[in-house]
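Have a look at the structure below, then the notes.
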Amino acid sequence: MSTYERNANWITGFLLLLEVGLAVMGVMRLSGPIPIHFNGSGEANRWGSPSTLLVLAFVDLALVGLLWIIKSVPTELMNFPGPRTPDNVAKQRRNIDQLLATIRVIVAALFLCIIGQIIWISLYHKQQIFPWPSFLFIALIFISTFIGLVRAYRLSVSR
């Protein structure tokens with residue numbers, strides 16, 4: 001495991017702990033219906049129980065867990081560009097593992113942001129969230145994936 005992956009795993013773990021703690025705090029502190037869905041402008045358009053925060057945390061734990069499980073897929077079952085030489089396989093595997101580590105951090109940060117904003121608007125009786133952080137995190141997932149694909153292609157043609 002590279003230093004990058006190890007650091008990304010620590011950050012992901014920290015974000016997940018923070019997220020679960022925030023969700024539990026929100027459930028204990030909030031009462032009545034809270035906004036649980038927002039339109040493109042950030043205005044609440046669906047309401048639910050504070051326990052929905054725990055559902056969001058569970059969904060994130062499941063997604064991040066799935067990304068960790070994908071990391072354990074044997075390299076022989078992976079499809080990547082270029083010849084399957086030992087050198088290319090090792091380089092492509094490092095690239096895939098780094099991409100998965102990056103996406104795990106971004107997904108954990110996205111859900112932490114969503115839970116944090118729901119609690120914030122519920123506690124301070126605001127009418128809407130700021131939608132740009134969610135769009136930013138989603139853009140980061142696409143950008144990271146694009147960079148990973150470009151790196152995979154470059155690794156396949158480098159000798």
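Of everything in the range 69-114, what is exposed (fewer than 15 other Cβ atoms within 10 Å of the Cβ) and among the hydroxyl-bearing types (Ser, Thr, Tyr)? Give them in sequence order.
Hits for the range 69-114 are 72, 75, 85.
Which of the residues belonging to the range 22-47 are surrounded by 13 or more Cβ atoms within 10 Å (Cβ to Cβ) and not in a strand (DSSP E or B)?
22, 23, 24, 25, 26, 27, 30, 33, 42
Starting from residues that are modelled with pLDDT under 95 and in contact with a Gly (Cβ under 8 Å, 6 or more places away or on another chain), keep the ones in the range 1-34 and report whichever is farthest from residue 109 (Cα to Cα).
Looking at the filtered set, the residue picked out is 33.
Check the range 68-89 and report whether any residue there is closer than 25 Å to residue 134 by Cα and not in a helix (DSSP H, G or I).
No, there is no match, as no residue in the range 68-89 is closer than 25 Å to residue 134 by Cα and not in a helix (DSSP H, G or I).
Of the residues that sit in the range 115-157 and are outside any helix (DSSP H, G or I) and without any contact (Cβ under 8 Å) to a residue 24 or more places away in the chain, which one is surrounded by the most Cβ atoms within 10 Å (Cβ to Cβ)?
126
I'd like to know if the range 58-67 contains one or more residues that are within 21 Å of the chain's Cα centre (by Cα) and not in a helix (DSSP H, G or I).
Within the range 58-67 (the criterion being within 21 Å of the chain's Cα centre (by Cα) and not in a helix (DSSP H, G or I)), the answer is no, since none of the residues qualifies.
The values are calculated or read from the model by the stated rules, or taken from the named source; none is laboratory data. Small disclaimer: the values here were computed from a predicted structure and weren't measured. Cβ: placed from backbone, ideal geometry, glycine included. Neighbour counts: every protein chain shown.
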